[in-house]
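Data first, discussion second: the structure below is written as structure tokens.
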Amino acid sequence: VPKPHTFFGGLAAERRSALALAAVLGACPQAHAEAEVVVAAGAAIQVLQYQEAYGSAGGAIDSGIELMFRGRRAHRLRLDAQLVGFPSDGAQLWLGSLEAGWRWYPLASSGLHCGVAAGLLLSYERFELALAPRRIEDSRVRLGAPLAATVGWTLGDRLDVDVTWKQVVFVGDDPRTVGYGLILLGWRFR
Amino acid sequence: MTPPFLSPIGLGLALACSLIGAGCGAFEPAPEEVVTALPDVVPEPADNVMSPEKVALGRWLFWDPILSGERDIACATCHHPRFAYADGIALSVGTGGRGLGPQRSPATTAPHRTRRNSMTVLDTAWNGVTALDSPGDADGAPMFWDSRLKSLEEQALRPLLEQDEMRGDVLAEDAILPEVIGRLSAIPEYESSFALAFGPGPSPITEESIGRAIAAFERTLVARDSSFDRFMAGDEAALSFAQKRGLFAFEQAGCANCHSGPLFSDFELHRLGVPDLDGLPQDAGDGDERFRTPSLRNVMRTAPYMHNGRFETIRDVVDGFYFHVDHGLDPDLEGLDCPNDRDGATLGDIEAFLWSISDGSFDDAVPSAVPSGLEVGGRLD
């Protein structure tokens with residue numbers, strides 16, 4: 001039974017929930033009581049917007065939980081909530097996602113890891129144009145599916161440096177993709 | 001323990017707040033790069049005030065091939081309502097041709113192909129108007145691709161004089177207008193109509209009155225019920241999300257550097273270096289390789305594009321601006337940030353927006369007959 005560990009109060013509860021989830025899933029045959037909450041922030045570079053070369057810079061915040069289910073440093077289930085924003089002159093694109101993924105730690109002596117994830121995403125897009133005397137603005141929310149691939153390194157058991165490519169496919173009458181790269185620095189709480 | 005404000009959460013929240021703040025402002029183009037609705041009033045010259053009689057007479061003249069040297073082509077041949085008062089081909093086929101639009105082909109005599117693409121007559125009543133609150137100058141309105149003439153009155157007569165447009169090979173340039181006046185004077189219906197429109201006098205049928213009547217009719221060829229104009233008047237639902245986003249992209253990409261104002265034209269001459277058509281001599285435009293910015297009103301109905309019809313689609317035009325045009329040729333080109341993916345969504349949204357200024361509400365009536373008894377609109381079959 002892990003010792004209670006608190007950070008901002010809610011994170012402890014989140015960790016307990018994660019452990020409970022692991023038990024329910026039965027995905028942790030070795031019954032490790034280790035679950036790590038990872039909080040990260042970083043930069044995003046939007047390379048594609050609706051299939052077009054784009055190139056705007058943005059930012060990202062991420063909160064994730066990793067659950068071991070086969071060995072201390074082998075395979076892990078990763079659950080993430082992530083918010084990414086791309087503001088530009090007069091326009092913004094926000095992408096909020098919930099994702100589940102698999103992380104692989106191939107070397108016991110190293111924090112090197114890689115993984116893939118998928119989930120659900122809501123995008124919020126807004127633009128505003130001032131054409132005196134008329135101001136034109138509009139926004140829309142769309143549902144999409146993000147697919148992500150990550151490589152990273154955990155330094156000193158605490159600090160994560162992750163590089164992720166994420167491709168979002170939208171559903172509905174405008175099924176055009178958005179693709180962006182993420183560099184996230186995360187901190188692990190146990 | 002790491003203080004909260006230095007933790008990734010704290011940094012992330014700070015970053016998110018800065019992002020939100022950075023994205024809050026509206027994109028605000030320079031005042032001279034703003035597009036607007038059409039003005040309510042059509043400017044008209046003091047010496048050619050519109051009247052129903054003039055407009056009715058002008059409509060006949062516009063459709064009657066009696067104005068051409070060989071009585072086989074009318075103004076409407078190359079400015080037909082089916083093609084939004086253009087003709088849908090790169091270079092118009094003048095006198096000697098047969099058929100309409102892309103189907104127009106040589107007839108029995110050698111056809112004349114004009115040097116330039118036929119501009120639409122629609123909304124030319126506002127040529128030269130670059131701001132919504134501008135009164136306009138009907139006497140100084142720039143006409144043709146090189147702005148060589150001012151006013152619809154001057155423009156209306158010019159094709160009659162051109163050998164490759166309406167004059168043909170039989171009559172000399174200084175003989176065509178006296179010949180046309182003679183022909184019209186011999187038709188009682190025209191004689192009475194000119195007298196009604198311009199007042200009874202010794203000779204109401206003159207070069208000036210022919211030009212004025214056609215110009216008066218052309219001033220009625222307006223399309224002022226576009227969804228963009230309705231949106232600008234306050235109808236929020238008139239534009240779709242894609243059209244609004246297209247407008248945003250249109251302004252942001254710099255299209256409005258030149259395509260601004262109510263007509264989506266600055267009515268200035270610009271040097272773009274558009275490639276000439278294969279096998280044809282270089283067109284020097286105004287003499288300095290400059291051409292007037294065309295209006296984008298009804299642009300989606302008036303392909304092909306550019307002074308020589310070089311580009312068949314809007315995507316070809318954007319491709320041309322991105323890949324073929326030297327942005328150093330003209331100061332207004334330097335700020336261009338064209339969408340560089342010809343299949344991209346931004347371009348699709350810009351096209352959707354351009355449909356919002358391509359309004360099908362114009363007068364597309366074709367007269368059933370003209371007083372000369374000739375084929376209405378020339379040899380169109």
Subset of segment B:136-158 (residues that are among the charged types (D, E, K, R), in contact with a strand residue (DSSP E or B) (Cβ under 8 Å, 6 or more places away or on another chain) and assigned to a helix (DSSP H, G or I)): B:E154, B:R158
Residue check, B:F241 in contact with a strand residue (DSSP E or B) (Cβ under 6 Å, 6 or more places away or on another chain), of a type in the set (A, V, I, L, M, F, W, C) and touching a residue at least 40 places away in the same chain (Cβ under 8 Å): no
All positions within segment A:56-91 that are surrounded by fewer than 21 Cβ atoms within 10 Å (Cβ to Cβ), within 14 Å of another protein chain (Cβ to nearest Cβ) and either within 15 Å of A:V178 (Cα to Cα) or not small (G, A, S) (or both): A:S56, A:A57, A:L83, A:D89
Members of segment B:53-91 found to be modelled with pLDDT of 95 or more, open to solvent by 20 Å² or more (accessible area, probe 1.4 Å) and among the small types (G, A, S), listed by number: B:A56, B:G88
Residue that is farthest from B:E44 (Cα to Cα), among those in segment B:199-224 that are at pLDDT 95 or above and open to solvent by 60 Å² or more (accessible area, probe 1.4 Å): B:E207
Test for B:R301: is it in contact with a strand residue (DSSP E or B) (Cβ under 6 Å, 6 or more places away or on another chain) and modelled with pLDDT of 90 or more: no
Residue in segment A:149-157 that is open to solvent by less than 50 Å² (accessible area, probe 1.4 Å) and among the charged types (D, E, K, R) present: no
Residue match in segment B:268-280 (condition: in contact with a Ser or Thr (Cβ under 7 Å, 6 or more places away or on another chain), more than 14 Å from chain A (Cβ to nearest Cβ) and open to solvent by less than 30 Å² (accessible area, probe 1.4 Å)): yes
Answer from A:I183, A:I136 - the residue that is over 17 Å from A:L79 (Cβ atoms) and within 11 Å of chain B (Cβ to nearest Cβ): A:I136
Subset of segment A:160-175 that is crowded, with 16+ Cβ neighbours inside 10 Å and among the aliphatic types (A, V, I, L, M) - its residue that is nearest to the other protein chains (Cβ to nearest Cβ): A:V161
Selection count where residues are within 9 Å of another protein chain (Cβ to nearest Cβ) and either under 24 Å from the mean Cα position of the chain (by Cα) or at positive phi (or both), scope segment A:119-133: 2
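Residues checked against (1) within 14 Å of chain A (Cβ to nearest Cβ); (2) in contact with a Cys (Cβ under 9 Å, 6 or more places away or on another chain):
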residue	(1), (2)
B:A233	yes, no
B:G246	yes, no
B:Q252	yes, no
B:F264	yes, yes
B:E289	no, no
Test: residue in segment B:107-120 that is under 30 Å from B:T36 (Cβ atoms) and among the small types (G, A, S): yes
Filter pass, B:L380 being over 22 Å from B:F241 (Cβ atoms), in contact (Cβ under 8 Å) with a residue 24 or more places away in the chain and either open to solvent by 40 Å² or more (accessible area, probe 1.4 Å) or not in a helix (DSSP H, G or I) (or both): yes
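Rundown of residues vs (1) in a helix (DSSP H, G or I); (2) more than 20 Å from the chain's Cα centre (by Cα); (3) closer than 24 Å to B:F83 by Cα; (4) of a type outside the set (D, E, K, R), yes/no style:
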residue	(1), (2), (3), (4)
B:G128	no, no, yes, yes
B:S134	no, no, no, yes
B:L160	yes, no, yes, yes
B:P178	yes, yes, no, yes
B:L184	yes, yes, no, yes
B:E191	yes, yes, no, no
B:I205	no, yes, no, yes
B:F217	yes, no, yes, yes
Of all residues in segment B:295-348 being hydrophobic (A, V, I, L, M, F, W, C) and within 14 Å of another protein chain (Cβ to nearest Cβ), the one that is nearest to the chain's Cα centre (by Cα): B:V318
Unique match (being in contact with a Pro (Cβ under 8 Å, 6 or more places away or on another chain), polar (S, T, N, Q), at pLDDT below 95 and under 30 Å from B:P159 (Cβ atoms)) among B:T109, B:T95: B:T95
Count of segment B:66-99 residues which are over 22 Å from B:W145 (Cβ atoms) and either touching a strand residue (DSSP E or B) at 6+ places or on another chain (Cβ under 7 Å) or in a loop (DSSP other than H, G, I, E, B) (or both): 7
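The values are calculated or read from the model by the stated rules, or taken from the named source; none is laboratory data. If you're wondering where the values come from, they're calculated on a predicted model, not measured in any experiment. Don't worry about glycine lacking a Cβ; one is built from the backbone with ideal geometry, like all the others, and counts go over all protein chains shown. Side chains are part of the model used for accessible areas, which takes the heavy atoms of the whole protein and leaves out ligands, DNA and RNA. Shrake-Rupley method; radii C 1.70, N 1.55, O 1.52, S 1.80 Å.
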